[in-house]
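Right, one structure below, let's go through it.
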Amino acid sequence: METPLEKALATLVYTFHKYSGKEGDKFTLSKRELKELVKQELALGEKMKDRGIDKLMETLDKNNDDEIDFKEYTGFLSALCMSYNDFFQQDAK
């Protein structure tokens with residue numbers, strides 16, 4: 001039986017591949033694919049303007065190839081997890 005953590009990990013991987021490869025390389029996210037992922041999958045995405053997506057792309061694209069690979073995506077997820085953790089720690093005080 002799959003544990004909750006295993007389900008969460010599978011969802012993170014599935015979500016990347018749901019959006020990657022719609023244009024270009026099937027193992028990377030273009031700026032348009034990243035924008036669609038953020039807007040569709042994250043509540044904060046509804047509030048992000050195009051400039052915010054551009055800045056996010058610049059921050060995540062460590063190798064400057066104008067694509068987000070899975071490793072770069074996991075860095076984004078890690079930062080989100082840290083933000084959520086900080087929020088819950090502040091809420092507990």
Within segment 58-70, how many residues are over 18 Å from Lys18 (Cβ atoms) and part of a helix (DSSP H, G or I)?
-> 2
If we ask which residues in segment 14-67 are closer than 18 Å to Ser78 by Cα and among the small types (Gly, Ala, Ser), their number turns out to be 2
Taking segment 8-31 only, how many residues are small (Gly, Ala, Ser), at pLDDT 95 or above and either under 23 Å from Lys49 (Cα atoms) or touching a helix residue (DSSP H, G or I) at 6+ places or on another chain (Cβ under 9 Å) (or both)?
-> 2
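For segment 32-60, which positions are of a type in the set (Asp, Glu) and either modelled with pLDDT under 95 or surrounded by fewer than 18 Cβ atoms within 10 Å (Cβ to Cβ) (or both)? I'd like the intermediate steps shown before the answer.
If we filter segment 32-60 for residues that are of a type in the set (Asp, Glu), which is where we start, we get 33, 36, 41, 46, 50, 54, 58.
Within segment 32-60, Glu36, Glu41, Glu46, Asp50, Asp54, Glu58 meet the criteria.
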Being under 22 Å from Ser83 (Cβ atoms) and among the β-branched types (Val, Ile, Thr) is the filter here, so list the residues in segment 23-50 that pass it.
-> Val38
Where Phe76 falls short, out of the listed (1) modelled with pLDDT of 95 or more; (2) surrounded by 12 or more Cβ atoms within 10 Å (Cβ to Cβ); (3) out of contact with any strand residue (DSSP E or B) (no Cβ under 7 Å at 6 or more places or on another chain) = (1)
How about segment 38-57: which of its residues are more than 13 Å from the chain's Cα centre (by Cα) and either part of a helix (DSSP H, G or I) or in contact (Cβ under 8 Å) with a residue 24 or more places away in the chain (or both)?
-> Glu46, Asp50, Arg51, Gly52, Asp54, Lys55
Consider only pairs whose beta carbons are under 9 Å apart and that are at least six residues apart or on different chains; among these, list those whose first residue lies in segment 4-21 and is in contact (Cβ under 8 Å) with a residue 60 or more places away in the chain and whose second residue is among the aromatic types (Phe, Trp, Tyr) and in a helix (DSSP H, G or I).
-> Leu12/Tyr73
Residue that is on the phi < 0 side of the Ramachandran plot, touching a strand residue (DSSP E or B) at 6+ places or on another chain (Cβ under 7 Å) and in a helix (DSSP H, G or I), where the choices are Leu34, Leu5 | Leu34
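The values are calculated or read from the model by the stated rules, or taken from the named source; none is laboratory data. This one's a predicted model, so the numbers in the text were calculated from it and none came from an experiment. Note: ideal-geometry Cβ built from the backbone for every residue, glycine included; neighbour counts use all protein chains shown.
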